[in-house]
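Okay, structure first, notes after.
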Amino acid sequence: MTDAPRILEPQCEWTAETVGGEDAWTEHFTPAELQEIDDAVRHAQDVTSDLLDIGAEDFPLPTLAPRLKRIEHDLMNGRGFVRLRGVDRGRYDNDAMCLIYWGIGMHLGKPWAQNHHGHLLGDVTDQGKSWDDPTVRGNELGGIKLGYHCDGSDLIGLMCLRNGVSGGLSAVANSVAIHNALVLQRPDLAAELYKPQPYDFRGEQKAGGKAWYTVPVFTEWGGRLFVRVITAYILASQKHADAPRLTDAAREGLAWIDEAAESGRYSVMMAFEPGDMQFVNNYHVLHGRTAYLDDRPSGRVRHLKRLWLETDVLADRPPWFRRNTGGHWDERRVISRLDAVG
């Protein structure tokens, strides 16, 4: 980047004080929409038993679909996050809940692979791994807090199948406001983070490929702001001798972002009820979670399903945010099916 960083998309800024209470960012399904969802489940089941073959046309939502399109536009051009509430978890088994989530997701975008396994519908639950595992990813870690970060697609979706005993609040923070504050207060740090930064591949690189890749934390493209930051993965890249070395300014800038996100000024905490769905604009909103407690013997195990989606709202993206359909993550199309809950 040669030009000085500048304020971008101020209309998408919000703080904890201005974003409003949960009624402002929770969309409740109406009884008529819930009936549409129920009808769509039966229709899709008649079409195919393979979830991967179900598109938006196979999960018809005559009146809800236009509302979902409005929500999609607000995700990309407005607040950047939403909680959808009203699906009765007790009415549906796991397979039907996944079908509902997938069907609604197909009205919001196209699915992306989330890892080298090719998972298009993933699991976020305790998978018995620890943070010191060099290949572990956040969705596999149980119990611990996850700091604010971005994932790898336009929209990030979560659906709650079951909660643990306590904790596990979802945290979202407005990265547009954080970026613009950094530009005003420390333009030198903002400029450094517009340069490519190294990320650890977590062992999921192509066979024979480098164990790291580079992406800027901030990108301006077509007047839009694109953010990509996973501080833990950036720092982990430094264990690879051939990875670019982080500058002092980059480290200071990352610490500034983390501190701003954790300050509470730019963030919202939300609880999930079973059946709730959350969708987040990956480029404008960071997400994380609080620590939580499971009780596996009683079946109280926190278990979310995850979607990464490509939206039609964006006409263009930086090259590093375009779907790489020829990449090794896309060689398989798989639904992750963990039996963390019944």
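Hey, with R₀ at 25 Å, roughly what FRET efficiency would Ala232 and Glu273 work out to, going by the Cβ-Cβ distance, to 0.05?
Once the sixth-power term is evaluated, E becomes 0.30.
Which log10 I(q)/I(0) values does the stretch 204-277 give at q = 0.14, 0.16, 0.20, 0.21 Å⁻¹ under the Debye formula, counting every alpha carbon as one identical point scatterer?
-0.68, -0.82, -1.02, -1.05
Within straight cross-link reach of Lys210, meaning Cα distance under 25 Å, which lysines are found once same-chain residues fewer than 8 apart are removed?
Qualifying lysines at Cα under 25 Å: Lys129, Lys195, Lys239.
Specify whether the C-alpha gyration tensor of the stretch 1-150 places it in the rounded, prolate or oblate class, a ≥ b ≥ c being the square roots of the eigenvalues: rounded for a/c under 1.5, otherwise prolate if a/b is larger than b/c and oblate if not. Mind showing how you got there, number by number?
Values: a/c = 1.75, a/b = 1.19, b/c = 1.47.
Oblate shape, in that a/c is at least 1.5 and b/c is the bigger or equal ratio.
So for the stretch 20-335, averaging the separation of alpha carbon pairs under 8 Å that are six or more residues apart and normalising by length, what relative contact order in percent results? Write down the numbers at each step before the final one.
Working: 581 pairs, mean separation 101.3, N = 316.
The value is 32 percent.
If you plug each phi of the stretch 288-302 into the Karplus form 6.51 cos²θ - 1.76 cosθ + 1.60 with θ = phi - 60°, what whole-Hz ³J(HN,Hα) values come out, in order, with x for Gly and Pro?
x, 7, 7, 4, 8, 10, 9, 9, 4, x, 8, x, 8, 10, 5
Radius of gyration and Dmax for the chain's Cα atoms, expressed in Å?
Calculated on Cα positions, Rg and Dmax stand at 19.6, 58 Å.
Got a sec to turn the phi values of the stretch 247-263 into Karplus ³J(HN,Hα) couplings, 6.51 cos²θ - 1.76 cosθ + 1.60 with θ = phi - 60°, whole Hz, x for Gly and Pro?
The phi angles translate into 7, 4, 5, 5, 4, 5, x, 4, 5, 5, 4, 4, 5, 5, 5, 7, 5 Hz.
Anyone know which of Val280, Val82, Val136 comes out most mobile in the 10 Å Cα GNM of the chain?
Val136
May I ask you to sort Lys305, Lys239 by Cβ crowding, counting other Cβ atoms within 10 Å and putting the fewest first?
Fewest-to-most Cβ neighbours within 10 Å comes out as Lys239, Lys305.
If each DSSP helix of 4+ residues adds -39,500 (n - 2.57) and the sum is divided by the residues in the chain, what number results at 222 nm, nearest 500 deg cm²/dmol? Mind showing how you got there, number by number?
On the way: 8 runs with 87 residues, N = 342.
-7500 deg cm²/dmol, from helical runs alone.
Around Leu169, which amide H atoms from residues at least 5 apart in sequence, or from another chain, sit under 5 Å from its own amide H, with H modelled in the peptide plane?
Distant-sequence amide H within range of Leu169: Thr290.
Using a cut-off of 20 Å between alpha-carbon atoms, which lysines can reach Lys110, once sequence neighbours fewer than 8 places away in the same chain are excluded?
Lys69, Lys305
How many angstrom lie between the C-alpha centres of the stretch 129-199 and the stretch 27-56?
Cα centroid to Cα centroid, the span is 31 Å.
Rule-based calculations on the coordinates, nothing more; no lab input. A quick note: this is a predicted structure, and the numbers were derived from the prediction, not measured. Cβ coordinates were reconstructed from backbone atoms using ideal geometry, including for glycine residues, and neighbour counts include every protein chain displayed.
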